[in-house]
1. Is it the case that R322 is open to solvent by 10 Å² or more (accessible area, probe 1.4 Å), among the basic types (K, R) and out of contact with any strand residue (DSSP E or B) (no Cβ under 8 Å at 6 or more places or on another chain)?
2. In this structure, does Y384 turn out to be among the hydroxyl-bearing types (S, T, Y), surrounded by 14 or more Cβ atoms within 10 Å (Cβ to Cβ) and either modelled with pLDDT under 95 or assigned to a strand (DSSP E or B) (or both)?
3. Look at N350 and say whether it is modelled with pLDDT under 95 and within 19 Å of M263 (Cα to Cα).
4. Condition test on N394, is it over 19 Å from V335 (Cα atoms) and open to solvent by 30 Å² or more (accessible area, probe 1.4 Å)?
5. Look at V330 and say whether it is buried (at least 16 other Cβ atoms within 10 Å of the Cβ), at pLDDT 95 or above, of a type in the set (V, I, T) and touching a Gly at 6+ places or on another chain (Cβ under 9 Å).
6. If you take the residues in region 397-417 that are open to solvent by less than 30 Å² (accessible area, probe 1.4 Å) and in a loop (DSSP other than H, G, I, E, B), which one is nearest to R254 (Cα to Cα)?
7. Checking the conditions here, which among L371, L379 is within 32 Å of the chain's Cα centre (by Cα), under 19 Å from K257 (Cα atoms) and crowded, with 19+ Cβ neighbours inside 10 Å?
Amino acid sequence: MKFFLLLSLIGFCWAQYDPHTQYGRTSIVHLFEWRWVDIAKECERYLAPKGFGGVQVSPPNENIVVYNPSRPWWERYQPISYKICTRSGNEDEFRDMVKRCNNVGVRIYVDAVINHMCGAGGGAGTSSTCGSYYNANNRDFPAVPYSAWDFNDGKCNGEIYNYNDANQVIDLGGEAIKSSEYFGNGRVTEFKYGAKLGTVIRKWSGEKMAYLKNWGEGWGFVPTDRALVFVDNHDNQRGHGAGGASILTFWDARMYKMAVGFMLAHPYGFTRVMSSYRWARNIQNGQDVNDWIGPPNNNGVTKEVTINPDTTCGNDWVCEHRWRQIRNMVAFRNVVNGQPFSNWWDNGSNQVAFGRGNKGFIVFNNDDWSLSTTLQTGLPAGTYCDVISGDKINGNCTGIKVYVGNDGKAQFSISNSAEDPFIAIHVEAKL
């Protein structure tokens, strides 16, 4: 059933003990492959005003430059050293980004890649983002420095041919968690990368890196309340569901927005929204394959993220976090934070609804027929603006209005052919 497919797309909702966001901010966004200078601007002009708590950034450490295929996304996951030097920017730009984002209450979360160095196919030379020498076949990475003595024998010679095979992903080749420096037991025993980032953060904030902590799927370095460096086996995460890139079809866009809407409305976990650039469809080995391609670029130089007059992104970038439906659900989650799950309703198929205490209510229609029913919302009486179809602006609503009676009940009508077949209301959208 389609709604269960919708639920399966919420694999990117991850629970943490303390995400260190500013109070009242409950979600972060992954600005996949953005430049540090653009992230700094986005924190100030959009993320802070819209209530986002943080940004997950792409790996900032030096990596191999891959030309075949031309500059793919995954080159960021082929470390050469722990120098902060990639196509997203240099160490000074990274430091400036962290400082500016934190100044407006938006934390930086680093995708720290420390254990992907064994791929012999990486070759040797200085084809790297900072020009450091490496010899992957000899396990020689002098810019760290690492040598063959720092790697686990018998774990660095294989290749991963099937990413659906957990044994291959965990135990083999160039990107396996047991395959690189100081990973004898599969866990970090020396974290030079975290120390490097700690140095950068301390330079601007005076903060100290706190401790190395198990966050469930991986290990994280927690610099007090300022930033988070989290670690996992990147290839373990392949196929985990709707990361969300530019959407291929009308139906896919509807499903993506509903999946993110459900995730942000539900009280489980700490939520992350994916915002990226382009999605490629091609044929590999006779199969139709979807995958990210490299970021918008001019001859390998990542393009600036520009903003159009309608607030969407230009210059070939797609910014899902700026879609009305997504950013308004980030606000919804902030409003209902701490409220209990309540007033569940379903039709036994793919129409469901639920509330968050007396602060918010959401209704989905993922069936092939219209929804029309009266539901208990738990909200105070009044007229509310549906934040999926519109915005509350100067006391008026640019979208659908929902009327809640003195008994807390409201009538909901959602066509199965609607562009966005779900409705969300909350107390701060009351007119």
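1. For R322, the condition - open to solvent by 10 Å² or more (accessible area, probe 1.4 Å), among the basic types (K, R) and out of contact with any strand residue (DSSP E or B) (no Cβ under 8 Å at 6 or more places or on another chain) - is not met.
2. Spelling it out, Y384 is indeed among the hydroxyl-bearing types (S, T, Y), surrounded by 14 or more Cβ atoms within 10 Å (Cβ to Cβ) and either modelled with pLDDT under 95 or assigned to a strand (DSSP E or B) (or both).
3. Against the criterion (modelled with pLDDT under 95 and within 19 Å of M263 (Cα to Cα)), N350 qualifies.
4. No.
5. So V330 fits the description; yes.
6. The residue in question is G399.
7. Criteria check complete, one pass: L371.
For every residue, the table says whether it meets (1) modelled with pLDDT of 90 or more; (2) aromatic (F, W, Y); (3) under 30 Å from E428 (Cα atoms).
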residue: A48; (1), (2), (3): yes, no, yes
residue: G51; (1), (2), (3): yes, no, yes
residue: G54; (1), (2), (3): yes, no, yes
residue: Y67; (1), (2), (3): no, yes, no
residue: Y77; (1), (2), (3): no, yes, no
residue: R95; (1), (2), (3): no, no, no
residue: V106; (1), (2), (3): yes, no, yes
residue: G119; (1), (2), (3): no, no, no
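The values are calculated or read from the model by the stated rules, or taken from the named source; none is laboratory data. Everything numeric here is computed off the predicted structure, so don't read it as measured data. Neighbour counts are summed over all protein chains in view; Cβ atoms, including those assigned to glycine, are modelled from backbone coordinates with ideal geometry. These accessible areas exclude ligands, DNA and RNA; they are computed on the full protein's heavy atoms, side chains included. Shrake-Rupley method; radii C 1.70, N 1.55, O 1.52, S 1.80 Å.
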